[in-house]
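Just below is one structure, and these are the notes that go with it.
The values are calculated or read from the model by the stated rules, or taken from the named source; none is laboratory data. Worth saying up front: this structure is predicted, and the values here are computed from it rather than measured. Please note: Cβ atoms are built from the backbone with ideal geometry, for glycine as well, and neighbour counts cover all protein chains shown. Accessible surface areas use protein heavy atoms only, side chains included; no ligands, DNA or RNA. Shrake-Rupley method; radii C 1.70, N 1.55, O 1.52, S 1.80 Å.
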Amino acid sequence: MRDGYPVIAPPNPLRSVASDSAYLAGILATLSGPIVLVAHSYGGIVVTNAATGNPNVKALVYVAAFVPDQGETLPPAPATGRRALGAQ
């Protein structure tokens, strides 16, 4: 920002990978010029999907994020709560 680069931080709706990726892809489609996407955690898989096919995306930066290979999905979330601990 200090060097004059425009920065936006669109919210992640946190609905599903497909929905969140489509939402971000729609935002990216409105931007011109080179784009660098930075993602943390779950956002890694979202930016990877959203960037696919967008020629303006020049780099993806993953900060403690999921970095999926082509065709890879997120692993299932671990079970939580009493049932996960074997409680009846």
- line: Residue set Ile35, Ile45, Ile27; condition among the hydrophobic types (A, V, I, L, M, F, W, C) and at pLDDT below 95; output residue Ile45
- request: State whether one or more residues within segment 22-44 are touching a Ser or Thr at 6+ places or on another chain (Cβ under 7 Å), part of a helix (DSSP H, G or I) and either acidic (Asp, Glu) or open to solvent by less than 90 Å² (accessible area, probe 1.4 Å) (or both).
  value: no
